[in-house]
Amino acid sequence: MLQAFALGAIAQSSLLLSGVIPYVTRIPDRIIGILAGVGAGALIAAVAFDLVPEALDVRETALWFLVGAGIFLVADHVIERRFGADGAGGALGIVLGSVVDGVPESLIFGIQLAAGVPLSVAFLAAVFVSNIPQALAPSADLMRSGWPIGRMVTLWGSVVIACGVAAALGFLLASDLPDVVGARAAAIAAGGLLAMLAASLVPFAYEKGGPWAALATVVGFCASMSQT
């Protein structure tokens, strides 16, 4: 179980590392937008090739996709009411997408580890790398909104720990229908991730990076696809 916790936390640790980068060095908005585009493309590929479950039929998959999207949209609405749709609110929507994506994803890691299913190093690397722009983009906006570095570390550190706990929980659940549990978690993650991409990360990438972000999205997709 401790190994599963470590796996989940390490795979998502790039969120924390990227979250503090804006406090160390200033990165131009265009570069942040391009990196966000790369991350968006990689995440689209992750949905298409890694998170679409094979253990469920099409109708059940669609149902859990909608559950994941609903979780994101409800939580995103709460954030908008609390912080507004722009600035910190928009950035926190991307953070929320990281949670909706990372927690079920980590649950799957734990289930696979307990079931003895070999974990793809390439996929773990893709998760680690795709998290960099996914965290860098909102962190830069939150810093401009006045967030101190300590608050940022607490935010992303909490997400990383939550992912570690989810992986440990997945390990414990693996004794009871691991295929079904893992498939549903994957579908929830995929639905929430697609909703986040449409509502937050892709618009953010194009706003900051312009046409170059669109090209970067394709590059990110192709790079992630090549690792499957």
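Every number here is computed from the coordinates shown, using simple stated rules; none is lab data. Being a predicted model, the structure only gives us computed values, none of them experimental. Glycine gets a Cβ as well: all are built from the backbone with ideal geometry, and neighbour counts include every protein chain shown.
Ordered by the number of other Cβ atoms lying within 10 Å of each residue's own Cβ, fewest first, L197, L169, L107, L63 fall into the sequence L63, L169, L197, L107.
If you plug the beta carbon distance of S145 and A62 into 1/(1 + (r/R0)^6) with R0 = 41 Å, you get a FRET efficiency near 0.65. Taken one residue at a time, the phi angles of region 189-194 give Karplus couplings (6.51, -1.76, 1.60, θ = phi - 60°) of 4, 5, x, x, 5, 4 Hz. Gly and Pro are set to x.
Residue exposure proxy: T25, T217, T154, ordered by other Cβ atoms within 10 angstrom of their Cβ from fewest to most, comes out as T25, T154, T217.
Taking the fewest neighbouring Cβ atoms within 10 Å as the starting point, the ordered list for D29, D50, D57, D76 is D57, D29, D50, D76.
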